[in-house]
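For reference, the structure discussed in these notes is given below.
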Ligand SMILES: Nc1ncnc2c1ncn2[C@@H]1O[C@H](COP(=O)(O)OP(=O)(O)O)[C@@H](O)[C@H]1O
Ligand SMILES: [Mg+2]
C-alpha cells in the first residue's frame, strides 16, 4: 500500500505533525498548570504574614494552640481553597483544622519553606502537602516570632485538593479548548500544504521514472529531454536532463555497437570467402597431383606446383594482413611516438619500390622541401602506411605512368601526399575504399595477392595518430592520398 514515494512521504509527514501536535498540547498543558501555580503563589505570597501579623494566634504572649484550631477553621470557611497548618521550628505539624484522618504527614520538609522565605524566590516553589505524601503544592509561609525567637511557622497550602488531567483541564476551559482547536487547525493546514507540495514534487519524479521505464522497455514515444514547464533548475530538472543526455549517449553507443557488429560479421563472411577460394584451388591441384602421380607430365607437375605456391602466397598475405589489422585494433598502448625525419623515411620506402616500378616502367618522383622539421609519430606504423599507399599507386597505375610523393610544411604539420597518374577511383566507390575487403573489381584483383585490407590498415594507423586521411581521384587521370603528421616540438 505504501510503496510509492508519495505515500511514504505523506505517512511520515502525518506522523511527524501528530507528534508535534501532541508535544504542543503536553507543553501547553504543563506550562498552563505551572503558570496557574505561579500566579496563585504570587497572589497569596503574603497571606501567612497577614494572618501572623494580625496576632490572632498569640495569647498571653504564647502561641495559643487550642484556640488556634477555631481560627483556622474560620479562615478556611471564608476561603475553602486554603489549608492552614502550624509548624514547629523543625517542621513538625503542631496544629491544623481538618479531620485528623485526612492529614497523613507528621512533618513537612523545611527546604522549600526556607526557599520561599528568601528575598526573591523563583516561583512557583512547591512544598509538601500534609494531606497527600505523594504530592507537592504551592503554599504561603510566615515565621512566628515571639520575643525575637522563632516559635514556628504558619504554613498555608493554596489551591485546595483538586488535581486535573490535561483532558479534564481541556474540558473545563473554554480558552484551552479554543487554543487546542487553533493548534489543530494550524497542523492540519501544514499537513495539507505539505501533501500538495509533495504531490507536485513526486509527480515530476514519477514522470521521470515513467520516461526511464519506457526507455527500459525500448519504447521511444517518451521524447528525450522533455522540459517540465515552470520547473526551474532544481535537482529533478537536472536529473531529467542528465537522463536525457545519458539516453542519447546510450542510443548512439548501441548504434555504434550495432555498426561494429555488422562490420565484424561482414568481415568474417569476407575472410571465410577469401580463405576458401585459394584453399579450394590449392586442394584441387594437390589432389590432382596425387591422383595422377606418375602419369603427370613433368611440365604440368611444375605448373601445378607453381599455381599451388601462388595460392599459398595469397593465403599468407591475407592472413598476415588480417593479423596486422587485429594487432592495430589493440595497438593504442603499444604505440611509440618519436621524432624522425619524414624525408628520410619517404626516401627509404621509395627505395623498396624502385624495382617493381621499373618493371612497369613507372617513375617514382619525390618532391621534398628542404629543411623540413622533424615529425613526431610511430615511425614503424607510418612506414607501413606509406608502403601500402605507394604499393597501391604503383599497382593501379598503367605502364609508363608516374607516382609522385610530396612533403611540405602545413600549419605546424607536415603534409604528405601520394599522387599517381593511374586509373582513378569511381566517385561512388570513394567512400568505400577504406572499408575492409573492399576492392573495386574483385575477380580481377583476386589473383594478384591483394586482399582489400591495405587502405583499412592505413586508415587505422592514421586513427591511432588521431589524424584523418583524404582521397581525391579522377577517373583515368589519377588519385591523390593526403595525410598530415604533427611536427616535433622539443621540450
Ligand atoms: N591509387 C589507387 N588508384 C586507384 N584505385 C585505388 C588506389 N588505391 C586504392 N584503390 C582502390 O581501393 C581499393 C582498396 O584498396 P586496398 O585497401 O589497398 O586493397 P587492395 O589494394 O588489396 O585491393 C582497391 O581495390 C582499389 O579499387
Ligand atoms: Mg592495396
Response to the item:
Rounded to the nearest Å, the spacing of the alpha-carbon centers of segment 1-28 and segment 253-331 is 78
Worksheet, complete the sentence: Treating every alpha carbon of the chain as one equal point scatterer without solvent, the Debye formula yields log10 I(q)/I(0) values at q = 0.08 Å⁻¹ of -0.78
Worksheet item: When the helices in the chain are scored as -39500 (n - 2.57) per DSSP H run of 4 or longer and the sum is shared across all residues, what 222 nm value do you end up with, to the nearest 500 deg cm²/dmol?
Response: -18500 deg cm²/dmol
Discussion item. Across segment 44-171, what fraction of all alpha-carbon pairs, as a whole percent, falls in each successive 10 Å bin from zero upward?
Written reply: 12, 46, 33, 8, 2, 0
Response to the item:
Tilt, helix 5-43 to longest principal axis of the chain (alpha-carbon atoms), in degrees rounded to tens, equals 20
Worksheet item: What is the distance, in nm, between label points placed 7 Å from the Cα along the Cα-to-Cβ direction at residue 204 and at residue 43?
Response: 5.7
Response to the item:
Taking 474-481, 385-392 and ranking on average Cβ neighbours within 10 Å, highest first, one gets 385-392, 474-481
Worksheet, complete the sentence: Taking Cα atoms, the helix 379-395 axis meets the longest principal axis of the chain at an angle in degrees (rounded to 10) of 40
Worksheet item: Relative to the first principal axis of the alpha-carbon coordinates of the chain, what is the inclination of helix 298-329, with its axis defined by its Cα atoms, in degrees from 0 to 90 and to the nearest 10?
Response: 30
Response to the item:
residue 106 and residue 168 label points (each 7 Å along its Cα→Cβ direction) are spaced in nm at 3.1
Worksheet item: By how many nm would the segment from residue 347 to residue 8 grow when fully extended, if each residue of separation counts as 0.36 nm and the alpha-carbon distance is taken off?
Response: 114.3 nm
Worksheet item: Expressed as a whole number of Å, what is the distance separating the alpha-carbon centroids of segment 113-131 and segment 71-99?
Response: 17
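Bear in mind these aren't lab numbers, they're just calculated from the coordinates by the rules spelled out. Fair warning: this is a prediction, and the values are worked out from it, not measured in the lab. Here Cβ is always computed from backbone atoms with ideal geometry, including for glycine, and neighbour counts include all displayed protein chains.
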